[in-house]
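The values are calculated or read from the model by the stated rules, or taken from the named source; none is laboratory data. Note that the structure is predicted; figures quoted are calculated from it, not measured. With ideal geometry, Cβ positions are generated from the backbone for all residues, glycine too; neighbour counts draw on all protein chains shown.
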Amino acid sequence: MKVVVAILGLGISAWCAEAASPVSGVTPAMAATANQLIDLAKQENHGYELVRSLTTEVGPRLAGTEAEARARQWAVEKLQALGLQNVHVESFKVPVWMRGIEFAEIVSPFPQSLTITALGGSSSTGEQGVEAEVVVFDSLSALQQAPRRQVQGKIVFIDEIMARSRDGSGYANAVRKRRAAAYVSQQMGAVAALIRSVGTSSHRFAHAGQMRQADVGGESGVPTAALAAPDADQLMRALGYGKPVIVRLVIAPQLLPPASSGNVIGEIIGREAPQEIVLVGAHLDSWDLGTGAVDDGAGIGIILGAAKLIMEQLPKGPRRTIRVVLFGAEEVGTVGAKAYTRQHAAQLSDHIVATESDFGAGDIWRFDSRIGEDKISQMAAIVKVLERLGIAPGNNIAGGGPDLKYLREAGVPIVSLLQDGQDYFDFHHTADDTLDKVGPRSLDQNVAAYAAFMYLAAETSADFR
Ligand SMILES: [Zn+2]
């Protein structure tokens with residue numbers, strides 16, 4: 001309330017300035033409010049407190065499980081406590097894949113165990129496991145080009161190293177083998193497949209992750225697991241002796257019948273144009289090995305922390321509606337994102353802009369967009385306000401987050417508040433994705449940027465299509 005009074009004081013001259021500069025879309029009064037939100041975000045740790053609460057009270061929350069249902073309940077209670085309106089769950093079904101026992105060892109010539117984890121969606125070896133000679137390839141395409149006789153009856157091992165980068169761009173290439181290895185190996189007559197983990201850590205944690213979208217049927221693929229990076233190194237050293245290397249792999253996951261998942265939605269209803277929607281997302285589900293602090297507890301904390309600031313400081317809400325969407329079942333193939341796009345198909349033309357926080361807890365350093373070329377100057381006025389947080393303007397080919405794929409394809413304008421992801425793939429989908437990897441100061445910077453962006457995009461009358 002204090003803030004609003006201060007802004008009304010500023011507002012008299014601000015309205016004149018607005019009339020003088022209609023294209024910018026951001027008046028001095030709006031910039032002042034955004035700056036107040038930024039200042040307040042730095043004084044609170046509310047985003048961090050939400051991540052602590054989610055990762056402690058719910059912990060791991062695999063799609064379609066009872067734990068993910070508890071996460072939805074947690075989210076409904078938090079959104080209601082923040083005072084958001086229209087808080088509800090939009091349900092959908094998702095196939096449930098449950099990890100079972102998992103174990104691997106070099107049987108000969110140098111017997112020893114290997115650190116692995118089954119890939120999401122993998123078929124089972126049965127409890128007796130499979131034992132076979134390993135054949136190594138340095139990429140998925142090398143496997144695809146190999147003669148079948150080289151692969152038949154063997155355990156395929158794809159040893160491809162992922163490049164570390166600030167924007168996480170190494171992931172797109174590295175993840176191809178995770179998605180396809182099981183199926184390509186099956187087509188070529190292999191009995192199982194191993195991949196070097198899709199990740200950048202040198203620690204002994206294997207990185208889980210979905211092989212392919214859980215809602216696509218068809219072939220089952222051979223049982224497939226990821227090796228921790230040091231174990232991939234060790235297997236390569238063993239292969240370097242030029243003798244056959246025999247590995248035994250035991251993974252016994254189960255594919256259960258489809259169960260309920262859901263997207264949790266809450267809104268800050270717009271005071272003048274409630275039908276116009278600024279969508280802000282993150283995903284509620286996580287992999288099962290860690291507690292999903294970095295992926296994507298951080299995103300949940302960031303956008304709810306930002307929503308809390310706006311609720312507390314702007315009792316009447318911005319002009320447009322801010323819709324918070326906590327997507328379910330992202331990890332197993334963006335199933336919640338598909339459901340949202342389907343359930344809101346008639347409303348997509350009213351989605352003014354959408355953004356998602358799903359890249360950990362690092363500082364935001366760049367602002368990308370995917371909007372009408374002639375609307376870039378209007379967005380630039382918003383980015384200008386974020387400059388003091390160390391955020392620079394980027395390109396106009398933003399991807400948004402994974403859950404925005406279908407909105408993007410439907411023509412909804414997208415922005416990406418790009419986080420520093422240097423170490424994101426050290427923890428991603430591992431047992432090491434825990435709260436200690438989330439820095440409270442970085443989370444505050446994220447909350448500040450999201451609060452300012454959400455407010456400005458919802459307050460301006462600019463259109464970004
Ligand atoms: Zn994620």
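Of all residues in segment 331-369, those being assigned to a loop (DSSP other than H, G, I, E, B) and away from the ligand (no atom under 16 Å from the Cβ) number 2.
One line per residue, one yes/no per condition, for (1) modelled with pLDDT under 95; (2) in contact with a Lys or Arg (Cβ under 9 Å, 6 or more places away or on another chain); (3) not assigned by TED's automatic domain parsing to the domain that holds S442:
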position	(1), (2), (3)
S24	yes, yes, no
L50	no, yes, no
E57	no, yes, no
V107	no, yes, yes
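Any residue at all in segment 146-168 that's crowded, with 18+ Cβ neighbours inside 10 Å, assigned to a loop (DSSP other than H, G, I, E, B), of a type in the set (A, V, I, L, M) and touching a Ser or Thr at 6+ places or on another chain (Cβ under 7 Å)? Within segment 146-168, one or more residues are crowded, with 18+ Cβ neighbours inside 10 Å, assigned to a loop (DSSP other than H, G, I, E, B), of a type in the set (A, V, I, L, M) and touching a Ser or Thr at 6+ places or on another chain (Cβ under 7 Å). For segment 308-340, filtering for residues that are surrounded by 22 or more Cβ atoms within 10 Å (Cβ to Cβ) and either acidic (D, E) or within 19 Å of the chain's Cα centre (by Cα) (or both) leaves 17.
Please specify each residue of segment 77-117 satisfying the condition of being of a type in the set (D, E) and under 30 Å from A232 (Cβ atoms). If the condition is that a residue be of a type in the set (D, E) and under 30 Å from A232 (Cβ atoms), then E102, E105 are the ones that fit.
Of the residues S442, S377, S416, only one is away from the ligand (no atom under 16 Å from the Cβ) and surrounded by 20 or more Cβ atoms within 10 Å (Cβ to Cβ); which?
One residue alone meets the criteria, S442.
Taken over segment 170-186, residues that are in contact with a Gly (Cβ under 9 Å, 6 or more places away or on another chain) and free of Cβ contacts under 8 Å to residues at least 40 places away in the same chain amount to 5.
Results for (1) closer than 23 Å to A398 by Cβ; (2) surrounded by 23 or more Cβ atoms within 10 Å (Cβ to Cβ); (3) modelled with pLDDT under 95, shown as yes or no for each residue.
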site: G170; (1), (2), (3): yes, no, yes
site: Q187; (1), (2), (3): no, no, yes
site: A193; (1), (2), (3): no, yes, no
site: R196; (1), (2), (3): no, yes, no
site: H203; (1), (2), (3): no, no, no
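Taking segment 59-113 on its own, how many of its residues are more than 20 Å from the chain's Cα centre (by Cα), crowded, with 19+ Cβ neighbours inside 10 Å and in a strand (DSSP E or B)? So the answer is 4.
Meeting the requirement of 3 or more residues that are within 16 Å of the ligand (Cβ to nearest atom) and free of Cβ contacts under 8 Å to residues at least 60 places away in the same chain, no strands (runs of 3 or more DSSP E) wholly within segment 243-319 can be named. Being of a type in the set (A, V, I, L, M, F, W, C) and modelled with pLDDT of 90 or more is the requirement here; does V216 meet it? Taking the combined requirement at face value, the residue does not satisfy it. Return the only residue of G299, G292, G317 being touching a helix residue (DSSP H, G or I) at 6+ places or on another chain (Cβ under 8 Å) and either β-branched (V, I, T) or modelled with pLDDT of 95 or more (or both). From the options G299, G292, G317, the qualifying one is G292. Answer yes or no: is there a residue in segment 212-222 that is in contact with a His (Cβ under 8 Å, 6 or more places away or on another chain) and small (G, A, S). No, that holds for no residue.
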